[in-house]
Every structure is written in C-alpha cells, then in structure tokens.
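What follows is a short report on a single structure.
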Amino acid sequence: MKAWHRLLLTLLLWVELEGAVVMANCIVTDPEYGDTGRCVCPANVLQKPLQMMMCMQMSELELQDGVLQLDSKYLSFQGSDEIGALALLPLERILLTRVRIPGVFLSTLLNTLPRTEVHQFDLTDTTLEALPHPPNPTEPCPVTSLRMDRVTFDPSLLRPPMHPLNAWLLSSLTHLTLRAVPGGLSLGNEACATIAMLANVTELDLSENSLTDESLVDLSRCLSSSVPPVSSLGLSVLRLGQNQVRSLEGLCPLLRASPNLTELDLSQNSLDGSAFGSACLNSTGQLKTLNLSSTGIQTAVGLVPAGVEVLDLSGNRLREFRNPPEGLRELYLSNNHLSLLPDLTGASQLQLLSLDGNRLTDLSGETSFRLVLDRLLELRVGRNPFTCGCEVIKSVELLRGNRNKVLDWPDDFLCTPLASNSTTLRLEDLDLTNCDQAVDETSSSGMKMNVNVALCMSVVVVAVTAILE
C-alpha cells in the first residue's frame, strides 16, 4: 500500500470515530507463502473499517458469515463511488465465505476491481443476487483466477444484458473453478454464450455438478456454435470428478479441442469400461496426469496413454495391472482386487507406488518387484490379508529392510493367526526366530528325499538294462 493511502485511511477513520477506541475482531493467520498472510474478518467489518487496520499488510482478505454491505460514506475516496476501502489495501486475493452479496454491493465491487491488485477471487457457499444495472468497467479486469464453490447466483446474471460484463470478467481468466452448483450445472442456450468466453482458460474445474454425457455434448456444441466458433482450447487441466459421466463418447470432442491437455480428472464417475475402445484419451498427445479413481473399471488394458507419468486407478475392481507406461513416475492402485503383484519392470522411472488395501498375501515371490522396490522413493502396501506364519518371513525381511520408504510400515501390516478369528497381530511383532531353522530343515529333508529318489531311479535303470541284455 502506498504511504498516502495508509495515511488517508487512518485520518478518515479517526475523523469518523472522533477518537473512540474500537477493538479489532479480525484474525490474522500465518502466511503460507511470502511475507504476508491472510486476514479473516466477519462480513460486517466493511461497515466498521477501523477493525481492518490489522489487515493493511496482508495480501489476502477473507470475509465470512453475513451480508456484505458498505456504508455509503466509505464508498467514496477521491470523489468517485467506484473506489471502496478495499482498493486501499494491498490485496492479491479476496475470499468470500458463507455470505450473501446484494446486487448493489456486487456492482460496486466489480467497478472497484480494476483499481486493485486482486488477481484471485474465491467464493464459497455464497449467494449472488441480481444486479440493479450492469456495471460498465472501462479498465481490464485484474482477476485471473476465479473459484466458485457451492455458489447460488441469480439466473439474470447469465442473460444477454450481462454478456458484456461476463466477457469482461471471463476473458481475463486462466483458472476457473465452478464446483457443486446447487441443482447442478446447466449448459443450455443461456449458458452457451458465457461458456464460449473461456477460450483463454488453461485450468477448468467443473467437479460435483451432475454433468452427464449429454451435458458434455452440449458443452462441445456451445464451443463450436459460438461466433466465431472455438475450434481449439488452451486447456492444460480439466477436472470433471464426481459427476455422472458414463463414457468417453461425449467427452471426446472436448478432448480433441484441447491439444495441450496435460491433466485429466474423471474420478468418481461410473464409467462404462466398454467405452474405452475410443482413442480420444490419446488424442491430446500431451496427457501426463490421469485420474480414474473410483470409476468402477475392471481393466486398464488399452486405457492408459503412453505418455502418462502420474496414474491414479485406486478404488476400482482391477484384478491385474500390466504394461505400465515407460515414463510412469507415480502409480496409485490402492483398494483394488489385486492378488498378485503387478508387473512394473517396464516403468523404469517409477518413484511412488500405492498397493495398500488389495488382496496380496506375499511380497517376496516376484523378483521383478524387488527391482522396482530398489528404485522407489515411497511405497504403501499395508491393509493386505497377510498370514501370521513363517511363509511371510521373506516379506517381513523385505519390508524391514526398506522401512525408510514403506510409509505405512508397521501399523498397517496386520495378520490374523489361523487358530484365531479375532486376534490380529502386527507383522513387526511376530516371533519369526525359528522360521529360518524350519526352512533349513524343510530344505534338508527335501535334499534327502531327492537323493533317495535318485538312488531308486539308478537301481531301476540298472535292472532294465540287465533285462534288455
């Protein structure tokens, strides 16, 4: 904040309050990044600006719980009702949580934004009311990231009179999150004009919106029918988790229009595995992160593009996993039906692996797994049905020898003794001291048996030879 801004605000507040002392009820939180943090205030603080004095060095302001209103005497600095007290704070991010925003306040806020340094705007559990008249800001919008989570807005905000204002706001965005719209996200004709304004967005999150295959077709139609038509999007990240998508057919046009897509999230959709014969997942050519967790798929064969580096297939019904992408770095296979260790020898770059919550009983049978484990940095493989006998000794030795990279060892490695159906033990606590002797005795017994068999065979050979002579 400029020095004269700070002085002006201080003098204004002093004159208004005539020396009265007001206790601040804003809370300053520790900064996550940089030298400044977040100031969290109740919504009515805008009617008592002195309580925001502690926010003067904060880069983030969060207003919570209530109705956002500004007293008219605080709306005017330098003789313009377009500059509110917020314009005097060095804010880079504004968060509005559990508030109702009347149209008059929203109009003032939009007109004020160009005079601020705010580039990130977050609205959560918020209601946007109709504007009495569309504001007409003449300077570019500084906001590049807009997040709307469980936001209810008046339908009039999408109608033609608002298109110029929406174009002003949306055309500057590179990151847009529109999650959990009450009643689901409608992509009808009224929304088409707004959707077509997203050509510059690189990260788009439409999770939790009850989107269907038909909705995705409508989204593609909106882009192609706009004037001029949008043939190519700049999307690098697309998140469609927790919707009602069942196949890739409706998604394919959108993927083909996004040649630079590097991250795709389709988690928690009930996907039909038969729809994965399409090659549209490979149509982008740049996909590096793919999230298909909790989608109900039973096989990953032919599904994963060759260039994927981060793959999440957890929470599905996979019984096997083979032929991983060569450049795979992170693989999440938790909570599947794997009874055998996956063949990961082809993933020479693999660093992180999750196999917890499957049906594995032994980790030592595959030599290839030992090779993979040597180059891993992190492994989760607990919550599997291990036994409490000597047959797990090699697995336990393997886990103990790599305890620095097995993140869930030892607490998530439990077994149930055969003699008990209720008592569970940790593999770490098992007494396996006699297992080596048992193994040696078994091996010795096997060797003796092999010698006896060999002698018998020799006798038979000699007898047969004598008869033939």
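All of the numbers you see were taken from the coordinates with simple rules; none came from a lab. Here the structure is a predicted model, which is why all the values come from computation and not from measurement. Backbone-built Cβ (ideal geometry, glycine too); neighbour counts: all protein chains shown.
Quick look at the numbers
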| quantity | calculated |
| --- | --- |
| Radius 11 Å from Cβ of residue 311, net charge of other residues (Lys, Arg +1; Asp, Glu -1) | -1 |
| Rel. contact order, % - alpha carbon contacts under 8 angstrom, at least six apart, region 288-433 | 15 |
| Residues residue 371 and residue 270, FRET efficiency given R0 of 45 Å [Cβ-Cβ distance, rounded to 0.05] | 0.80 |
| Separation of the residue 136 and residue 340 label points, Cα + 7 Å toward Cβ, nm | 7.2 |
| Gyration tensor verdict on region 290-340 (Cα atoms; rounded if a/c is under 1.5, prolate if a/b is larger than b/c, oblate otherwise) | prolate |
| Spherically averaged projected area of region 288-433 from its Cα convex hull (nm²) | 8.5 |
| Relative packing of 357-363, 63-69, which averages over residues the other C-beta atoms within 10 Å, highest first | 357-363, 63-69 |
